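What follows is one structure encoded as structure tokens, with my remarks underneath.
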Amino acid sequence: MLLFLALAPFAGSLAAICIPTDKGTPAAWLSGGVALFCLAAAAALYPIVASGEVLRYDVNWLPELGLNFTLRMDGFAWMFASLVAAIGLLVVVYARYYMSTSDPVPRFFSLFLAFMGAMLGLVLSGNLVLLAIFWELTSIISFLLIGYWHQNAHAREGARMALTVTGTGGLCMFVGLMLIGHIVGSYDLDIVLSSGDVIRNDPLYTTVLILILLGALTKSAQFPFHFWLPHAMAAPTPVSAYLHSATLVKAGIFLLTRLWPVMAGTDAWFWIVGLAGLSTLLLGAYFAIFQQDMKGLLAYSTISHLGLITVLLSLGSPLAAVAAIFHTMNHATFKASLFMAAGIIDHETGTRDMRRLSGLFKYMPFTATLAMVASASMAGVPLLNGFLSKEMFFAEAIETHKYNILDTVTPYVATLASMFAVTYSLRFIHSVFFGPAPHDLPKMPHEPPRWMRAPIEFLVLACLVVGIVPSWTIGPFLHTAVKSVLGEATPVYSLAVWHGWNLPLLMSLIALVGGVGLFLTMKSYLATSVEGPPFFRRLEGQRIFERVLVTLSWKWARSIEMRAGTRRLQPQMRILIAVALLAGSITLLTQGFKPAAFALRSIDPAFALIWLIGMICAVGAAYQAKFHRLAALVLLGGAGLVTCITFVWLSAPDLAVTQLLVEIVTTVLILLGLRWLPKRIEDPDDPGMMTMPVRLRRLRDLVIALFSGIGMMLVSYTMMSREMPEAISSYFLERAYKEGGGTNVVNVILVDFRGFDTLGEIAVLCIVALTVFALLLRFRPATESLETPEQQRLQNAFDDEHPDRKTGDSIAEYLLVPSVIMRWMFPVIGMLAAFLFFRGHDLPGGGFAAGIAMSIGFILQYMAGGTRWVEERLRIHPLRWMAIGLVIATATGLGSWLFGYPFLTSHAQYVSLPIIGKIPLASAILFDLGVFSLVLGATVLILIALAHQSVRAPRAQAIRAARAAAKETA
Amino acid sequence: MELVLSAGIGVLTASGVWLLFRPRTYQVIIGLSLLSYAVNLFIFGMGRLRVNAPPLLEPGGTGGLLTHTDPIPQALVLTAIVIGFAMTALFLVVLLASRGFTGTDHVDGRE
């Protein structure tokens, strides 16, 4: 049940994104259904939770690292989960009417549900790491939701700011949580919650505290990180109502409350949390008075109320914690309804500017009444839920918890802030609903649709009922939540409306009267003033934030790049190789590396001669690569052949076969590419070439290259002349036949023991081939390479001169005899590939070699007959072959699941076929078939994609010429 | 044997590294190919050099390092060869595209 509760929103999110973008209503129904389901699930779990039991759902994920997928629900998590689900349901109903059909509404609901899932996951996490994951998810999805109207620059900036601030905080928090895990020795929440003394007495406590508070305070928009919240108001109003009143910003509060039993009570906690909360409470309320944007006012008021909750949590007394939990719920109800009301006004009038709005009571009396009740609750008027928790707050503020200045000023600040709250609440109501009738509004205001108002009605009703009869309605739920946080320390508290004439009531009265008075004196100033509070207007958090960002990511980054970076490749390569060389040499020299003594006796003269040729080829290729590309390519092939012979000589037949085949394909590939490179003609008489700096540069490169070469030689010689240590090789040699059913150990390793690596490797090959294909689709050759090659021009000129020949005849007759042979070679090569493939498990060969061999067969046909000739006769679908190969390989791997074995377990069997005889038929051969198909497809795709360029360019030219001709005739 | 092969690895490395520092894309692609031969041979050499001891078992039998050469470096190099081919192909196409877009075959896309 717990699992369903956490996963249902994500499933719904996936479903919602599949709905076509113009179908908003089904998406809304789906979201409503999911939210209702979550609410029902939470309700069904209540009896268990209320009995004090903690529900757990465990799945081992990475138990070695202490990371398990643990969901855990106690009373507090239940309260938050139901809050998330209930407000989510109401907001869905509201959003159904709020969202305009011109927006991609299903995307909105999909993100909305994903956010709901992340939030539910956050409150239900029973593991600190899991909690951090969901925490980050809420940050990311809120970024997407705030930026939902991405065409709007404000929305983009607001979203980015929110993500930067909360994301940075989240990272700090993650480190903090890891430290807690380190201190306690477990990430399990139950264990963490029962080891409060260990955490508080640990030397790392202050570090942990600061890191976690950075996370919580940024998320809950506490001073000095509060500035992102007002900018997040660029989001659609349902998002503000959900994220910025009830859920996202409460995540910080949730974390503080969750960790309250283990972290609170120390001086550091009191000072940091208290100072942040108190300044937020006061500044938020003060700023709220001077906002002209309705949502801006509500945003600052939210900041202030979050500050209030933070102050309560800072006090460290159980009663204050009760008040904090209570106020969390109350604030969610009245603030969500106010946001929705503000959204209705915006929706029906087209503006949120309070200087333009006035006298709306006449046009929308119902909405006005609802908003007034909710605002009264926000101001803390008696008989409403806001009043109750505010009274509790006052009572706690008066209590002395610590003997210091912060504790002494708390009651005064609290009263002042409540006074401001009364002022801005009054201001909100008065300027929007009263006064003269509005003029020149973008739209004629009227009441919203019936069901758009329903969620507000419900929430306001909740405010009233909870405010009048608290102990009958919210009482038991609150008690369950409080008990799960405080446990044994649960204090006796009373939810009564009337506590008699006492100091908190007096403070409330002062705040009410003072607030009204303040409003009356400021009324005329506010009606016309510019946005933002006096004195603080210039000191905008946003601007500071922007400036820091610009400095960090632009100025400093640029100056570092200017000084330390280069965009040129050559210096980068030099530094890279030089650093690698130095790192290698220093390690070897300091660790006492002694090169082995050279032994000349065991040298086979033939082998030495072959390598002499190989070295000449290598040096020659290096020398010729600039001016004689073809020669360099031939010499490169020579070096490759020597490598291949070395493999044959030294007992590696598989490598030799593969190397030889790859060598052929590589050579063809580079030959195909040569045509598109610019001509480079050596000019030995150019005196300007060999200047002194050029010589020095080359000398330096030569020195690095020589050192690299000598280093590699010494290291490899020393390694090779040492005794072989016992490693895992014998394991494979012993079991290749017994367990893999093949005698070619290399092939068995590839397709069986390390089949997963091979799967990854062919996937890489697949990606490379697709990338090559995609790059070449948009290939634009340089204009000087476009013209027909010289040989073809000569041949065509010859045809033109002889009247009995048609143009192109010579080209068709070119290499006539070889091309006939090449055509005949096709079945032979196919046979060879099949041979290599089938013997692969027991003898040298295998899927790789067979695939490349087959692709050589295809490319020979291209060379013999030309692209068009081949494609008219053969069906060449390399993309399909690749896809089939990947599917076969993966399916073979998955197949072993059917028999209850791990992924890619192989089964071996010999099968006798008529004529051919006994062949090994391990299930690995199917896997190898996948490898074959994919290698074949990838190689052919790469080669023919490049070969097609020569056909495409003349075709494009012909089209251009035809167009030009058509223009002339016209 | 070991001395010859390691000298060969050294020369291949030196030629490859020299070419990596050159300004033309074609030089770099040849250099990378030479370097990948060197690296493949180096990895292969880590299994020690054996003549006439391929890692092929008798049907039904088992093997050991006394009678057979080490199969692991061979398996590693086999995949390295194929991946090396893919890398060469990709690099070749990138250099052709770069030449098409920028009009030059300099590694920085400008002279």
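Quickly work out the A:Thr101-to-A:Asp267 label distance, labels modelled 7 Å from Cα along the C-beta direction, and quote it in nm with one decimal. Simple spin-label model gives 6.6 nm for this pair. Here's how it looks for A:Gly359: its modeled amide H is under 5 Å from those of A:Phe433, A:Phe434, A:Gly435, which are all 5 or more places away or on a different chain.
With R₀ fixed at 56 Å, the C-beta to C-beta distance from A:Arg875 to A:Ala489 puts the FRET efficiency at about 0.10. In sequence order, segment A:34-47 has phi-based couplings of 5, 4, 4, 4, 4, 5, 5, 4, 4, 4, 5, 7, 4, x Hz under the Karplus curve 6.51 cos²θ - 1.76 cosθ + 1.60, θ = phi - 60°, and Gly or Pro positions carry x. Taking each DSSP H run with n ≥ 4 as -39500 (n - 2.57) and averaging over every residue of chain A yields -24000 deg cm²/dmol at 222 nm.
Centroid-to-centroid, using Cα positions, segment A:589-621 and segment A:128-185 are 57 Å apart. Ranking A:Ala966, A:Leu189, A:Val817 by how far each Cα lies toward the positive end of the dipole of the protein assembly as shown (charges on Cβ) leaves A:Ala966 at the top. Note on segment A:157-309: Cα-only Rg and Dmax are 16.0, 51 Å. Approximating the spin labels as points 7 Å out from Cα along Cα→Cβ, the A:Lys523-to-A:Leu576 distance works out to 7.3 nm.
Which value, in debye to the nearest 20, gives the size of the charge dipole of segment A:266-534 about its Cα centre, when Lys and Arg are +1 and Asp and Glu are -1 at the Cβ?
Details: 14 positive and 14 negative charges, 108 e Å.
Roughly 520 debye for segment A:266-534.
With N the number of residues in chain A, Rg(Cα) / (2.2 N^0.38 Å) evaluates to 1.27. Charge tally around A:Val184: other residues with Cβ under 14 Å, Lys/Arg +1 each, Asp/Glu -1 each, net -3. FRET efficiency for the pair A:Lys23 and A:Thr207, taken as 1/(1 + (r/R0)^6) with r the Cβ-Cβ distance and R0 = 60 Å, rounds to 0.70. Distance from the C-alpha centroid of segment A:779-848 to that of segment A:368-401: 87 Å, rounded to the whole angstrom. Across every pair of non-identical alpha carbons in segment A:583-629, the mean reciprocal distance, once inverted, gives a Kirkwood radius of 14.1 Å.
Note on B:Asn52/A:Glu739: beta-carbon distance plugged into 1/(1 + (r/R0)^6) with R0 of 22 Å gives a FRET efficiency of 0.25. In a simple Cβ point-charge model (Lys, Arg +1; Asp, Glu -1; nothing else charged), chain A has a dipole of about 1900 debye relative to its Cα centre.
Just tell me how shielded A:595-601 is by partners: mean number of partner chain Cβ atoms within 10 Å of each residue's Cβ, no decimals. Let's see the in-between values first.
Details: counts 0, 3, 0, 4, 3, 2, 0.
Per residue, the number of nearby Cβ atoms from other chains is 2 on average.
Between A:Asn744 and A:Asp842, A:Leu843, B:Leu57, the built amide H atoms are under 5 Å apart, and every one of these is 5 or more places off in sequence or on another chain. Summarising the label geometry, the points placed 7 Å from Cα in the beta-carbon direction at A:Ala608 and A:Thr551 lie 6.9 nm from one another. When every Cα-Cα distance of segment A:335-383 is counted in 5 angstrom steps from zero, the calculated P(r) takes the values 5, 20, 29, 27, 13, 5, 1 percent.
Every number in this text was worked out from the coordinates using simple rules, so none of it is lab data. Keep in mind that what you see is a predicted model, and the values were worked out from it rather than measured. So basically every Cβ, Gly included, is an ideal-geometry build from the backbone, and we count neighbours across all protein chains shown.
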